1. Among the residues of the range 86-108, which ones are assigned to a loop (DSSP other than H, G, I, E, B), of a type in the set (D, E, K, R) and either within 20 Å of the chain's Cα centre (by Cα) or outside the structural domain of C396 (by TED's automatic domain parsing) (or both)?
2. Scanning for something surrounded by 19 or more Cβ atoms within 10 Å (Cβ to Cβ), at negative phi, in a loop (DSSP other than H, G, I, E, B) and not assigned by TED's automatic domain parsing to the domain that holds G40, does the range 213-228 turn up at least one residue?
3. Quick one: which of E326, E330 is among the acidic types (D, E) and touching a Gly at 6+ places or on another chain (Cβ under 8 Å)?
4. If you take the residues of the range 160-198 that are β-branched (V, I, T) and more than 17 Å from the chain's Cα centre (by Cα), which of them is farthest from the ligand (Cβ to nearest atom)?
5. For a quick check of your reading: which strands (runs of 3 or more DSSP E) sit entirely within the range 259-344 and have at least 3 residues that are modelled with pLDDT of 95 or more?
6. Going residue by residue through the range 323-333, is there one that turns out to be in contact (Cβ under 8 Å) with a residue 24 or more places away in the chain, surrounded by 14 or more Cβ atoms within 10 Å (Cβ to Cβ), within 17 Å of L201 (Cα to Cα) and within 27 Å of the chain's Cα centre (by Cα)?
7. Look through R271, R283 and report the one residue that is more than 24 Å from G205 (Cα to Cα) and basic (K, R).
8. I need every pair where a residue in the range 372-397 that is among the basic types (K, R) has its Cβ under 6 Å from the Cβ of a residue that is within 15 Å of the ligand (Cβ to nearest atom) and modelled with pLDDT of 95 or more, sequence separation at least 6 or different chains.
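The values are calculated or read from the model by the stated rules, or taken from the named source; none is laboratory data. A quick note: this is a predicted structure, and the numbers were derived from the prediction, not measured. So basically every Cβ, Gly included, is an ideal-geometry build from the backbone, and we count neighbours across all protein chains shown.
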Amino acid sequence: MISALAPVSIDSSRIRTEIQSLQPQLSDWRRRLHQQPELGFQEHLTAALIQKKLQDWGIEHQTSIAGTGIVALLPGQAPGPVLAIRADMDALPIQEENPVPYRSQHPGRMHACGHDGHTAIALGTAYYLSRHPELFTGQVKIIFQPAEEGPGGAKPMIEAGVLRQPDVDAIIGLHLWNNLPLGSIGLREGALMAAVEGFELTLQGKGGHGAMPHQTVDSILVGAQIVSALQAIVARNLDPLQAGVVTVGKFQAGHTHNVIADSAQLSGTVRYFDPALAGFFQRQMEQIIGGICQSHGATYSLDYRAFYPPVINHREVVNLVRSVAETVIETPAGIVPNCQTMGGEDMSFFLQAVPGCYFFLGSANLNKGLTYPHHHPRFDFDETALGVGVELFVRCVERFCSSSQ
Ligand code: NI
């Protein structure tokens, strides 16, 4: 029973045992969330579950922040620094294909990225810390954030003041990660994840007979040249020691085989790590598209948007998380240095506002067949990682508050 954990003083070696005893509850909360996935800013059932738990446990909290966001505040044994822990709550518009008893009950929606697990880990951390205020001084703020998958809930939550009153000194967060096995953690100082930008391009040519191209401006030919030329931005304009991606993910044009297409629609995504590259890809893209269109007599409109900046971790907080991981992760090889992905995350906005560390928590298990990638209709993870996540957070709180005194 979860109420068996009394608020008594404990020595540090008991933390693991006590958190491991929470494992059935962590799985239960995760599975309940998994069964009712909700898209960005629609996380009403999710928020209700979180709110009910916080109420039952007597934890001070605020709801309806930036829509469906929730912030819980946990006081330690004495005044001191404020550490924030961030968890995202939203699901994806994917039809689940896992034949599991806890599969999604919402058609076309699925927790295919593990945010159900992030919420369960944050709940477990809130519960444990509320029972053990003697472990830390200062306060812990747990931020349940909506809409990470889009359009982005971090920025509106910051604008709503979640990092103030009390002012947050540092922030940590994790992403369950099936690119790493259970029992490992990936982190690094500096850029962990990429900036996310996107574009919608409409090309306007002049349609006509497929056998009389001289009377037309072929939007498919123009588009095809643009798709090829955009790859030169990374290959021939970006310093080869820097990372970048330009992907055209959609190209729609034409109706039948013997008609030259009047117009074409393309869209895609851009990723990079270096914050100094903000604006670079858009400028290069405008030049290339403008030049190719002009050479063919086509016109265009480009809607280019910067969504999330890169996730940049701060040295002091990375060192703190690493030192905690050395006590939680049993094998030294389980701490994967220089872990990086071109995936993006709006945790980046929190890390622009306060020092912090975002890290990956290994959740794949080959023996259980839990190896599908994130955003796949068969994504699932080893729930043992939930307890590891709670222990990492709890020990980060313990260490942060003692190191900051
Ligand atoms: Ni995610």
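1. Once the filter is applied, which keeps residues that are assigned to a loop (DSSP other than H, G, I, E, B), of a type in the set (D, E, K, R) and either within 20 Å of the chain's Cα centre (by Cα) or outside the structural domain of C396 (by TED's automatic domain parsing) (or both), the range 86-108 yields D90, E96.
2. Yes: one or more hits.
3. On the way: E326 fails: touching a Gly at 6+ places or on another chain (Cβ under 8 Å).
The match here is E330.
4. Of the residues in the range 160-198, the ones β-branched (V, I, T) are 162, 168, 171-172, 185, 196.
Still in the list and also more than 17 Å from the chain's Cα centre (by Cα): 162, 168.
Working: V162: 19, V168: 22 Å.
For the range 160-198, the residue satisfying everything is V168.
5. Details: elements: 263-272, 299-308, 311-313, 335-337.
Once the strands (runs of 3 or more DSSP E) in the range 259-344 are filtered for at least 3 residues that are modelled with pLDDT of 95 or more, what remains is 263-272, 299-308, 311-313.
6. No, the range 323-333 contains no residue that is in contact (Cβ under 8 Å) with a residue 24 or more places away in the chain, surrounded by 14 or more Cβ atoms within 10 Å (Cβ to Cβ), within 17 Å of L201 (Cα to Cα) and within 27 Å of the chain's Cα centre (by Cα).
7. On the way: R283 fails: more than 24 Å from G205 (Cα to Cα).
Exactly one residue qualifies, and that residue is R271.
8. Going by the 6 Å Cβ cut-off, the qualifying pairs are R378/Y372.
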